[in-house]
Structure formats: C-alpha cells, structure tokens
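A quick write-up on the structure given underneath.
The values are calculated or read from the model by the stated rules, or taken from the named source; none is laboratory data. Keep in mind the model is a prediction, meaning the values are calculated, not measured. Note that we place each Cβ from the backbone using ideal geometry, even for glycine, and neighbour counts take in every protein chain shown. Accessible surface is based on the protein model in full, side chains and every heavy atom, while ligands, DNA and RNA are left aside. Shrake-Rupley method; radii C 1.70, N 1.55, O 1.52, S 1.80 Å.
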Amino acid sequence: MITYLKNAENGGLTTLDNWQKKCWISITSPNQDEINYILNELKVPSDFLYDIQDDDERPRVEIEDGWTLIIMRIPIRRDSSISFFTVPLGIVIKDDIVATICFHQNDVMPDFIIYTQRKSIRIDNNINFLLRLFLSTSVWFQKYLKQINANVRMAEKELERSVKNEDLKSLLKIQNCLVYFITSLKGNNILLSKLKNLKSNEEIDLDLLEDVEIELKQAIETTNVHSNILAGTMNAYATIVSNNVNDIMKKLTSITVILMIPTLVASIYGMNLYNSLETSQYGFVSIILIATFLTALGTLYLRRRNFF
C-alpha cells in the first residue's frame, strides 16, 4: 500500500491523492505493481530495495548515486512461534523524494502518522523526520516489552501450578524475542550515532535528538533487564524440574526397596530346604508376620531418613 503524506497547515500529516514535491511516501507490504512503481517511477536502486526486503538486514546507512539509504529495525507482532519480531524499515532519500519502505504490516508507521496529527507536529526537514521515526520505533519497542512481560507473568502462573515442557518452551520463545529486540536496538543505536556524524545542511532539533537518545537507551536497558530476569526464571524452573525428578526417583527407589523385603523373606522360606517351618501349621502365618515386621521396620527407617 502506498500513501502520500505532507504537512498540514495546522500541523500534523495529511494524506494526499498524488505525489507532490517534499511529500513523504509511505509504502507498506508492496505488491508487484507497487514494487515496479518504486523501481521505475521513483528510480530507487534495485539493490536498495532487495536489501530492505531481506529480513536479516542490519541497521546501516548507505549513499549511492545521490541516493541515501537508511535501514533501521522496527518491532512487529505476528502470529507464529515467535509472536514478536523485528524487520527492516528502509528510508530512501534523494532531492524531493522521501520514502519509507517496509515489506511487513506493522503498528509503527500508522501510529506515527496518528501521533503527528494528534500533537499537530510539523516535520521541517529529513533529519528531524528520521529522528521522529527513531523516537516512534523506540516507543513501540517498549510497548511490546510490556506485552512480553505480561506473557511472562502468565507463563509463570501456569508453571506454579505444574511444571510442563510446553510452559518452559513458551518462556524460551519469549527469550528469543528479547534476543531479537536487544540486537535490533543496539543496531539502531549505532545507526543513530552514524547519522549524528553525517554532514548535513539541515538543522537538527537538539531537544528531539535528546528525547530519541533517552528513549532508545531506556528501551535497551529495559530489554536487558527483562532478558536477565527471564533467564534467571528459566534457570530456576529448570532447577525445580530437576529437583522434582530427583525427588520422584528417590521415592520410587524407596518403594522398590520396601517391596524387596517381603519378596526376600518369601524367597528364603520358599526354597526346597529344611527351615523348621515346612511342617508347622503356623508356618505361613509366621512368614507373613516376619515379612510384615521387617517391612514396617524398613519403612520406619527410610521415613526417618526423609526418603518419603
């Protein structure tokens, strides 16, 4: 989907029917016709487009033939084994053309447009436009971190009832999400440092830059904290599972030992040997009493040693 946007008179971004100079072209999940428009009409280098399409592309800035390509990682939520993930968002700039391209549906771009309209924010130049994208991306990282934290608490409640492999696997998937977040946030932080050092004639909003740095740093620290807490939680539950298995094995071994006592007594007196009870009318009762006494004695001993 292609959307053309430009500053409204009273602030915020307004939608246009057609392309105009200095407007922002927002492209999300483009189909083949829209891809052809990007390549043939906008003349965006094909290498840039292929790089943006690669889900594993790292945040970076590249300049070629007057074009500037900036790739940052943005968070998305999708229905799969890993519910939270990060994908590349490409920003291509040349003269009057400013376009953002993302091959995945996401919440960052629609929210960014609504936020500028609600706050009546005017975007004066490309540098400040990039900074506001950084700010919005960092905010959405933290929003998804809150949802991840809620999922962790739900999984912990399930683990308190019974420790199952499925619950531990759900925590492992969340841990993978946090790894993706940490890697992407660190890459965005490096990209922001590179953009600050680029020579530009455009004036940078220093207050906005400070807000971006604070939000990005906070997102990185929050993700690290959640990752460390989750790692400790998984280790704790793994230890609990191991202790439960050891406890079960100890109890089963104790029961086996107890059951061996009457078996041993019956085996001894069941041999074809003289044992003074083979002709006694109380032989069977005597064997039962002896086996019961020894079994009770063994059970008492094991209970005192905390095997039960």
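Overview of values
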quantity: Read-out Rg/Rh (Cα atoms, Kirkwood Rh), derived from the coordinates shown; its label in [x] 1.39; [y] 1.05; [z] 0.97; calculated: [x]
quantity: Partner lysines for Lys251 [C-alpha distance under 26 Å; skip if fewer than 8 residues away on the same chain]; calculated: Lys164
quantity: Hz values of 3J(HN,Hα) by residue in the stretch 52-63 - Karplus curve (6.51, -1.76, 1.60), Gly and Pro given as x; calculated: 5, 6, 6, 5, 9, 5, 7, x, 6, 10, 9, 10
quantity: Radius, Kirkwood style, for the stretch 67-120 when every pair of distinct Cα atoms is counted (Å); calculated: 12.7 Å
quantity: Pairs beyond 27 Å (Cα-Cα), from Lys43/Lys143; Lys146/Lys194; Lys21/Lys43; Lys157/Lys217; Lys6/Lys119; calculated: Lys43/Lys143; Lys146/Lys194; Lys157/Lys217
quantity: Estimated FRET transfer efficiency (Asp107, Glu158; beta-carbon r; R0 25 Å; 0.05); calculated: 0.35
quantity: Per residue value of the accessible surface for the stretch 61-185 (all protein chains in place, 1.4 Å probe), Å²; calculated: 45 Å²
quantity: Length gained when the stretch Lys251-Asn275 is fully extended (0.36 nm per residue, less Cα-Cα span); calculated: 5.2 nm
quantity: Cβ-based charge dipole, the chain, positive-most Cα from Gly187, Ile240, Ala8; calculated: Ile240
quantity: The chain, accessible surface, carbon-and-sulfur percent (1.4 angstrom probe); calculated: 53 percent
quantity: Extreme residue, positive dipole direction of the chain, given options Gln281, Gln53, Ala219 (C-beta unit charges); calculated: Gln281
quantity: Aspartates and glutamates whose Cα lies under 14 Å from that of Lys169, excluding same-chain neighbours fewer than 8 positions away; calculated: Glu156, Glu158
quantity: Fraction of beta bridges assigned by DSSP in the chain that are antiparallel (%, nearest 5); calculated: 85 percent
quantity: About the Cα centre, charge dipole magnitude for the chain (Lys/Arg +1, Asp/Glu -1 at Cβ), debye; calculated: 1720 debye
quantity: Cβ-derived FRET efficiency at R0 41 Å, Glu57 paired with Ile204, nearest 0.05; calculated: 0.95
